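Participant: Before I ask anything, let me first share the structure, which is written out below as structure tokens.
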Amino acid sequence: MERGGDPITPAQAASLLAWWNEAGVDVAIDETPRDWLRSKAPAATTPPVLPTKAGVGSGTKSSLPAERGHASAGVASAAVDTPPDQLQLFQGWLRDHDDLPFTAPDTPRVCPSGDPASGLMLLADMPAAEDCATGTLLSGDAGRLFDRMLAAIGRDRASIYLASLSCLRSPDGRWNGEASGRCAALARHHVGLVGPRVLLLLGDAPAKALIGISMTQGRGRWHEVQTHAGPVKALVTLPPDLLLKQPGLKAHAWADLQMLMQGLSDA
């Protein structure tokens, strides 16, 4: 048997047939045998008419092809980077998509956890180094303090939905301008898909990303986060790692939690 001008062994032929079978090729598509694997010289073709960009980044499904290489690189990238508009698919997208901010080989991802139907969503900034090792947001000493804060309002990790601006940690644990903007857009989309009764922003980065002001400026009053699904009531508080460094701030955090409980009962 030959492939092009090169003979192949029966074992190689059997291997090719097995691969085609696994790929789903189960019928002949022409009565005349043809060499599908022979290299073909590129032929001059008329450039294809690209689909319109309607829907990209607007909360509606894009009409662009989802696969790379079926259109120009810029157009295909825009389609691939459009996050899913269903929560379960979006969670999988966060887990597997290869072009999120801070993506690098072998970089661990710490994905959302808890119950998205609980009515209470909490948003942290990015996983700590310890979180990357454990695979859990807010782990270690900060996590133990966080669990006590939840218990104080009658909640636990199973009765909240915990997420972060980025499920990946930057190499130096800091934000940069481009990554901040992309993560803010994804977080706003995430909040819209969850649709919580109340959103609690843990710290400075989530506050700046979603309400445009610092944690210090935002504390002590209610805000609205605008999403594609409508506004979401939001409150800003101090993150557990800051409370560990400055225990005197715990009284402020408790005042925030009392506001949170009142907001949940009113929502």
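Participant: Just for the stretch 188-206: of the residues that are aliphatic (A, V, I, L, M) and within 21 Å of residue 143 (Cβ to Cβ), which one is surrounded by the fewest Cβ atoms within 10 Å (Cβ to Cβ)?
Facilitator: Among those that are aliphatic (A, V, I, L, M) and within 21 Å of residue 143 (Cβ to Cβ), it is 200.
Participant: Can you report the number of residues in the stretch 99-146 which are more than 21 Å from residue 193 (Cα to Cα) and not hydroxyl-bearing (Ser, Thr, Tyr)?
Facilitator: 21
Participant: Report yes if some residue within the stretch 175-182 is modelled with pLDDT of 95 or more, more than 17 Å from the chain's Cα centre (by Cα) and farther than 21 Å from residue 150 by Cα; otherwise report no.
Facilitator: no
Participant: If residue 212 satisfies every condition in (1) without any contact (Cβ under 8 Å) to a residue 24 or more places away in the chain; (2) on the phi < 0 side of the Ramachandran plot but one, which is the exception?
Facilitator: (2)
Participant: Another question, then. Considering only residues of the stretch 127-142 that are in contact (Cβ under 8 Å) with a residue 24 or more places away in the chain and under 20 Å from residue 253 (Cα atoms), which is nearest to the chain's Cα centre (by Cα)?
Facilitator: So the residue we want is 137.
Participant: Being touching a helix residue (DSSP H, G or I) at 6+ places or on another chain (Cβ under 7 Å) and assigned to a strand (DSSP E or B) narrows it down to one of 243, 201, so name that one.
Facilitator: From the options 243, 201, the qualifying one is 201.
Participant: Next up: Take the residues in the stretch 212-236 that are part of a strand (DSSP E or B) and under 23 Å from the mean Cα position of the chain (by Cα), then tell me which one is surrounded by the most Cβ atoms within 10 Å (Cβ to Cβ).
Facilitator: Here the answer is 236.
The values are calculated or read from the model by the stated rules, or taken from the named source; none is laboratory data. Keep in mind that this is a model prediction, so the values were computed, not measured. A quick note on method: Cβ atoms are made from the backbone with ideal geometry, for glycine too, and the neighbour counts reach across all protein chains shown.
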